[in-house]
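Note sheet for the following structure.
The values are calculated or read from the model by the stated rules, or taken from the named source; none is laboratory data. Computed from a predicted structure; not experimentally measured. Neighbour counts run over all protein chains shown; Cβ positions are idealised from the backbone, glycine included. Ligands, DNA and RNA are excluded from the accessible area calculation, which covers all protein heavy atoms including side chains. Shrake-Rupley method; radii C 1.70, N 1.55, O 1.52, S 1.80 Å.
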Amino acid sequence: MTRPWTVTPLAPTLGARVEGVDLATAGPGELDALADLLYEYLVVALPDQNLTTERHVEIGHRFGEPLIHPFLEAVPEHPAILRVLKEPHERETFGGEFWHADITFIDPPSSVSILHGIEIPELGGDTLFASQFAAHDALSEPMQSMLEGLTAVHAYPDMAESPASVAVHPVVRQHPVSGRKAVFVNPAFSVRIPELTSEESRALLDYLFTHSCRPEFQARISWTPGQVLLWDNRAVQHYAVNDYHGVRRRLQRVTVMERPGFG
Ligand code: SIN
């Protein structure tokens, strides 16, 4: 990359802060360079961005098909932008207190999420990420071999009747760009491994949920107003830390779906 950007790694397994990018004006070459950084670091943080809703969605198009969420309400300005909001009187965060990857209950699953921070607490409200490549690589070879033949059913909670709510994916999924293998189950949406008995399925999913988000595979990212985070849902899980009661936190998210053959 020849651009005058400063790239600061944030943890050994994933995450980088990239300074010097202006998403409002970045051309196709700069977005390609940003995509290369995203596929290398899995999560990239871009401080001090000024994004209109249209530009937010336009950047999404570089990474996949912007999703109109089948169950959650969008902001009035654009159907592909979700408001990630916790008001001072609320106790629960958007998405709940679960590790997850976004939109794994659709096939193909989401590729990338782009989250723009608007109102950010002085303290707290960080987002944790865990590398699912690191989680896969840390498994023993016999465990890796056993997982190769398995799939998992992913379902949106309480929406069993909707065809938009259930998908089946391999338990270990190969990344379409890097070719690396990731553990691809998460506690928010992965409900069953159909090749196993229900007891085996429950035990193995519980083990993988715990293993996949060990502190050794994590980076913790703090927010400032204007920061944009991009992450690759095929490679990481994330968790929004709910430690800022009584304060407003507002962000906006575009999530795009993987385009088969594109990456
Ligand atoms: C999300 O799950 O996409 C939201 C993450 C966050 O609020 O930090």
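Scanning region 186-203 for residues that are more than 14 Å from the ligand (Cβ to nearest atom) and in contact (Cβ under 8 Å) with a residue 24 or more places away in the chain, we see that the one that is nearest to the chain's Cα centre (by Cα) is S190.
Of all residues being hydrophobic (A, V, I, L, M, F, W, C) and over 19 Å from the mean Cα position of the chain (by Cα) in region 24-38, which is surrounded by the most Cβ atoms within 10 Å (Cβ to Cβ)? Just the residue, please. Going through the qualifying residues, I end up with A26.
For L42, the conditions (1) modelled with pLDDT under 95; (2) at positive phi; (3) open to solvent by less than 30 Å² (accessible area, probe 1.4 Å) are fulfilled apart from (1). Suppose the filter is surrounded by fewer than 12 Cβ atoms within 10 Å (Cβ to Cβ), in a helix (DSSP H, G or I) and acidic (D, E); does E54 pass it? Taking the combined requirement at face value, the residue satisfies it. Select from region 122-149 the residues that are within 16 Å of the ligand (Cβ to nearest atom) and surrounded by 15 or more Cβ atoms within 10 Å (Cβ to Cβ) and list them in ascending order. Within region 122-149, G124, G125, D126, T127, L128, F129, A130, Q132 meet the criteria.
Looking at region 150-185, which of its residues are hydrophobic (A, V, I, L, M, F, W, C) and in contact (Cβ under 8 Å) with a residue 60 or more places away in the chain? Before the answer, list the steps.
Filtering region 150-185 down to residues hydrophobic (A, V, I, L, M, F, W, C) leaves 150, 152-153, 155, 159-160, 164, 166-168, 171-172, 177, 182-185.
Residues satisfying the conditions are M159, A164, V166, A167, V168, V177, F184.
Residue count for region 168-198 under the criterion of being at negative phi and either among the basic types (K, R) or assigned to a loop (DSSP other than H, G, I, E, B) (or both): the result is 20.
Any residue that is within 16 Å of L72 (Cβ to Cβ), aliphatic (A, V, I, L, M) and touching a Leu at 6+ places or on another chain (Cβ under 8 Å) - is there at least one of those in region 117-140? The answer is no, given that none of the residues of region 117-140 is within 16 Å of L72 (Cβ to Cβ), aliphatic (A, V, I, L, M) and touching a Leu at 6+ places or on another chain (Cβ under 8 Å). Looking across region 211-263, the residues that are open to solvent by less than 60 Å² (accessible area, probe 1.4 Å), more than 10 Å from the ligand (Cβ to nearest atom) and among the small types (G, A, S) come down to S212, A219, G226, A235, G246, G263.
Give me the residue from region 86-121 that is within 26 Å of T52 (Cβ to Cβ) and open to solvent by 50 Å² or more (accessible area, probe 1.4 Å) and, out of that set, nearest to the ligand (Cβ to nearest atom).
F94
S201 meets each of the listed conditions (1) part of a strand (DSSP E or B); (2) in contact with a Lys or Arg (Cβ under 6 Å, 6 or more places away or on another chain) apart from (1).
Pull up region 71-82, narrow it to residues that are within 16 Å of the ligand (Cβ to nearest atom) and modelled with pLDDT under 95, then point me to the one that is least open to solvent (accessible area, probe 1.4 Å). Can you show your working first?
First, pick out the residues of region 71-82 that are within 16 Å of the ligand (Cβ to nearest atom): 71-75, 80-82.
Subset that is modelled with pLDDT under 95: 71-75.
Working: F71: 55, L72: 64, E73: 162, A74: 33, V75: 6 Å².
Filtering first and then ranking leaves V75.
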